[in-house]
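Engineer: Here's a structure for you.
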Amino acid sequence: MNIPETSLPRVVIIGGGFAGISLAKKLKNKSVQVVLIDKNNYHTFQPLLYQVATGGLEAGSIAYPIRKVIQEFPEFYFRLGRVNEIDPKNQIVKSDIGELRYDYLVFANGSKTNFFGNKEIERNSMSMKTIPQSLNIRSFILENFEQALLVNDESERNAYMNFCLVGGGPTGVELAGALAEMKKAILPKDYPDLNIANMQINLIQSDGRILNTMSEKSSAAAEKFLVDLGVKVHKNVRVLSYDGKLITTNTALSFETATVIWTAGVQGASIPGLEATVWTERSKRLRVNSFSQVLGYENIFALGDIAQMETPAYPNGHPMMAQPAMQQGELLGENLLLKINGQPMKSFVYNDKGSMATIGRNKAVVDLPHYHFNGVLAWFVWMFVHLFSLIGFKNRAVVFLNWVYNYIRFDREGRLIIRPYKKKSFVTFTSDEV
């Protein structure tokens with residue numbers, strides 16, 4: 001990888017997400033050499049991916065160059081590559097761009113969509129974990145409306161305008177709300193020769209309530225907001241299969257649709273090389289202790305979505321969200337320096353600052369540690385928190401101006417098919433299909 005040899009301890013960070021960037025910033029101007037490896041050269045602000053998918057924002061406004069984050073950090077190096085394997089015995093990272101020795105290794109490579117082993121659903125549905133995936137969804141949504149204009153059969157046309165979102169967490173709820181607002185204010189103008197009233201937005205949740213990690217008050221408020229916007233919320237319904245055309249469930253419900261967006265779960269983005277016992281079976285997360293050390297490995301750590309730190313308050317690990325990742329990254333920066341200097345490390349204690357989700361214009365829910373509220377105030381709080389969590393002044397300014405414009409004009413000018421997208425196993429809705 002052409003990293004200069006050094007007498008300083010070398011810290012290799014895999015992943016430039018919230019956890020990796022927080023750790024990198026904490027190690028600025030410290031007596032260590034830091035190498036950050038990521039398959040992308042940018043940091044993605046994932047909470048706003050759904051706005052890219054629905055044309056509210058352009059991709060560049062929620063991405064920030066990793067090199068720009070660390071360009072003034074001494075003894076920092078970034079390499080664009082994909083890590084393929086870890087050799088813990090020889091302390092080597094193996095990637096598609098070469099090998100690199102480490103003194104301390106940090107997994108901060110995040111998570112990926114969890115299809116729970118259902119290959120058919122994985123093959124035929126769409127995910128929304130990355131910017132390219134969000135752009136694919138945006139193109140596919142618009143292409144389906146263009147296709148709907150060309151068919152004469154009403155049921156076939158409606159299938160192109162039927163959207164099924166599987167998973168009632170924040171991503172599914174926010175995406176459903178955004179689609180509902182497009183249906184109300186934008187699509188009737190863009191497609192006057194389609195009966196947009198026939199467009200369906202189905203949110204399918206296997207649990208008894210949506211936003212089940214938030215308070216019952218916020219869950220109920222979010223569901224009411226969605227129903228008022230025209231979203232059909234299906235609870236206690238589990239999707240069994242999707243062949244690209246028809247969804248079957250564990251109930252009598254079935255859905256004929258061209259578009260299924262899977263937001264039902266995530267799992268750690270595992271990398272081979274460590275003992276199998278350190279990976280959790282279902283969520284593929286690395287088991288770590290209170291210092292973020294991977295169990296059984298003295299100099300390997302894990303942060304954020306990829307890490308499962310089991311505590312009495314969080315027996316299944318901390319929520320796979322930005323706040324735990326950032327807090328773990330900051331503390332590990334301190335702990336690595338303590339460890340290098342032979343001092344005891346500090347245990348991680350999560351400071352839960354609350355959670356929130358937006359459902360649409362003037363509609364959001366917020367859970368603070370001792371207070372839950374929803375509506376217009378919650379919507380402004382949501383906007384303020386997300387705006388100032390973005391990296392870079394330009395990104396904040398662009399996002400703010402987009403939000404102001406969209407609010408005033410009831411518009412989303414990012415609804416562009418820049419690169420046409422076809423699913424690998426695309427199924428057309430034709431009457432002579434065998």
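Engineer: Answer yes if at least one residue in segment 397-404 is at pLDDT 90 or above and open to solvent by 70 Å² or more (accessible area, probe 1.4 Å), and no otherwise.
Structural biologist: The answer is yes, given that some residue of segment 397-404 is at pLDDT 90 or above and open to solvent by 70 Å² or more (accessible area, probe 1.4 Å).
Engineer: May I ask you to list the residues in segment 251-274 that are open to solvent by less than 70 Å² (accessible area, probe 1.4 Å) and assigned to a strand (DSSP E or B)?
Structural biologist: The answer is S254, F255, T259, V260, I261, W262, V266, Q267, G268, L274.
Engineer: Here's something else I'd like to know. Which residue pairs have Cβ atoms closer than 8 Å, lie 6 or more positions apart in sequence or on different chains, and pair a first residue in segment 407-423 that is under 30 Å from W379 (Cβ atoms) with a second residue that is basic (K, R) and not in a loop (DSSP other than H, G, I, E, B)?
Structural biologist: Pairs that qualify, where the first residue is under 30 Å from W379 (Cβ atoms) and the partner is basic (K, R) and not in a loop (DSSP other than H, G, I, E, B), are G414/R138; R415/R138; L416/R138; I417/R138.
Engineer: Does I70 meet the test of being over 19 Å from I391 (Cβ atoms), more than 17 Å from the chain's Cα centre (by Cα) and among the aliphatic types (A, V, I, L, M)?
Structural biologist: When the stated conditions are applied, I70 does not pass them.
Engineer: In segment 301-315, what residues are in a loop (DSSP other than H, G, I, E, B) and acidic (D, E)?
Structural biologist: Once the filter is applied, which keeps residues that are in a loop (DSSP other than H, G, I, E, B) and acidic (D, E), segment 301-315 yields only E310.
Engineer: Within segment 367-379, can you find the residues that are surrounded by fewer than 20 Cβ atoms within 10 Å (Cβ to Cβ) and either touching a residue at least 12 places away in the same chain (Cβ under 8 Å) or not in a helix (DSSP H, G or I) (or both)?
Structural biologist: Across segment 367-379, the qualifying residues are L368, P369, H370, Y371, H372, F373, G375, V376.
Engineer: Something else: Considering only residues that are part of a helix (DSSP H, G or I), under 30 Å from S7 (Cβ atoms), of a type in the set (A, V, I, L, M) and in contact (Cβ under 8 Å) with a residue 24 or more places away in the chain, which ones fall in segment 316-346?
Structural biologist: Selection gives L331, L332, L336, L337, I340.
Engineer: For the list (1) surrounded by 23 or more Cβ atoms within 10 Å (Cβ to Cβ); (2) assigned to a helix (DSSP H, G or I), I need the number of the one condition that K217 fails.
Structural biologist: For K217, the exception is condition (1).
Engineer: Out of the residues in segment 328-345 that are polar (S, T, N, Q) and open to solvent by less than 30 Å² (accessible area, probe 1.4 Å), which is nearest to L286 (Cα to Cα)?
Structural biologist: Across segment 328-345, the extreme among qualifying residues is Q328.
Engineer: Restricting to segment 62-99, and then to whatever is closer than 14 Å to I3 by Cα and among the hydrophobic types (A, V, I, L, M, F, W, C), can you tell me which residue is surrounded by the most Cβ atoms within 10 Å (Cβ to Cβ)?
Structural biologist: Restricting to residues being closer than 14 Å to I3 by Cα and among the hydrophobic types (A, V, I, L, M, F, W, C), the top hit is V93.
Engineer: Consider T277 against the criteria (1) more than 25 Å from N236 (Cα to Cα); (2) buried (at least 20 other Cβ atoms within 10 Å of the Cβ): it satisfies all of them except one. Which criterion is unmet?
Structural biologist: All conditions pass for T277, except number (2).
Engineer: Open to solvent by 50 Å² or more (accessible area, probe 1.4 Å), among the polar types (S, T, N, Q), under 20 Å from the mean Cα position of the chain (by Cα) and closer than 25 Å to A19 by Cα: does that describe S389?
Structural biologist: For S389, the condition - open to solvent by 50 Å² or more (accessible area, probe 1.4 Å), among the polar types (S, T, N, Q), under 20 Å from the mean Cα position of the chain (by Cα) and closer than 25 Å to A19 by Cα - is met.
Engineer: For E298, indicate whether it is of a type in the set (D, E) and at pLDDT 95 or above.
Structural biologist: Criteria met by E298.
Engineer: Within segment 100-122, how many residues turn out to be assigned to a helix (DSSP H, G or I) and touching a strand residue (DSSP E or B) at 6+ places or on another chain (Cβ under 9 Å)?
Structural biologist: Matching residues across segment 100-122 total 3.
Engineer: Among the candidates A59, A53, A108, single out the residue that is touching a Ser or Thr at 6+ places or on another chain (Cβ under 6 Å) and crowded, with 17+ Cβ neighbours inside 10 Å.
Structural biologist: It is A53.
Engineer: Going through segment 20-54 one residue at a time, which ones are among the small types (G, A, S), touching an Asp or Glu at 6+ places or on another chain (Cβ under 7 Å) and closer than 23 Å to E181 by Cα?
Structural biologist: Scanning segment 20-54 gives no hits.
Engineer: Still on this structure, I have one more. Is there a residue being over 30 Å from K183 (Cα atoms) and of a type in the set (A, V, I, L, M) anywhere in segment 73-85?
Structural biologist: The answer is yes, given that some residue of segment 73-85 is over 30 Å from K183 (Cα atoms) and of a type in the set (A, V, I, L, M).
A quick yes/no check of all residues on (1) of a type in the set (A, V, I, L, M); (2) in contact (Cβ under 8 Å) with a residue 40 or more places away in the chain; (3) open to solvent by less than 20 Å² (accessible area, probe 1.4 Å); (4) assigned to a strand (DSSP E or B):
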{"site": "V151", "(1), (2), (3), (4)": "yes, yes, yes, no"}
{"site": "S155", "(1), (2), (3), (4)": "no, yes, no, no"}
{"site": "A159", "(1), (2), (3), (4)": "yes, yes, yes, no"}
{"site": "A176", "(1), (2), (3), (4)": "yes, yes, yes, no"}
{"site": "I201", "(1), (2), (3), (4)": "yes, no, yes, yes"}
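Engineer: Yes or no: segment 223-233 includes at least one residue that is in contact (Cβ under 8 Å) with a residue 24 or more places away in the chain and part of a strand (DSSP E or B).
Structural biologist: Yes; the residues of segment 223-233 include at least one that is in contact (Cβ under 8 Å) with a residue 24 or more places away in the chain and part of a strand (DSSP E or B).
Engineer: Okay, moving on. Among (1) outside any loop (DSSP other than H, G, I, E, B); (2) open to solvent by 10 Å² or more (accessible area, probe 1.4 Å); (3) in contact (Cβ under 8 Å) with a residue 12 or more places away in the chain, there is one condition T248 misses while meeting the rest; what is its number?
Structural biologist: Of the numbered conditions (1) outside any loop (DSSP other than H, G, I, E, B); (2) open to solvent by 10 Å² or more (accessible area, probe 1.4 Å); (3) in contact (Cβ under 8 Å) with a residue 12 or more places away in the chain, the odd one out for T248 is (3).
Engineer: Within segment 346-366, restricting attention to residues that are within 20 Å of the chain's Cα centre (by Cα) and farther than 16 Å from L229 by Cβ, which residue is least open to solvent (accessible area, probe 1.4 Å)? Steps first, please.
Structural biologist: Just the residues of segment 346-366 that are within 20 Å of the chain's Cα centre (by Cα), to begin with: 352-360, 364-366.
Filter again for farther than 16 Å from L229 by Cβ, leaving 352-356, 366.
Working: D352: 69, K353: 117, G354: 21, S355: 30, M356: 42, V366: 0 Å².
The extreme case among them is V366.
The values are calculated or read from the model by the stated rules, or taken from the named source; none is laboratory data. This is a predicted model, so every value here is computed, not measured. Cβ coordinates were reconstructed from backbone atoms using ideal geometry, including for glycine residues, and neighbour counts include every protein chain displayed. Ligands, DNA and RNA are excluded from the accessible area calculation, which covers all protein heavy atoms including side chains. Shrake-Rupley method; radii C 1.70, N 1.55, O 1.52, S 1.80 Å.
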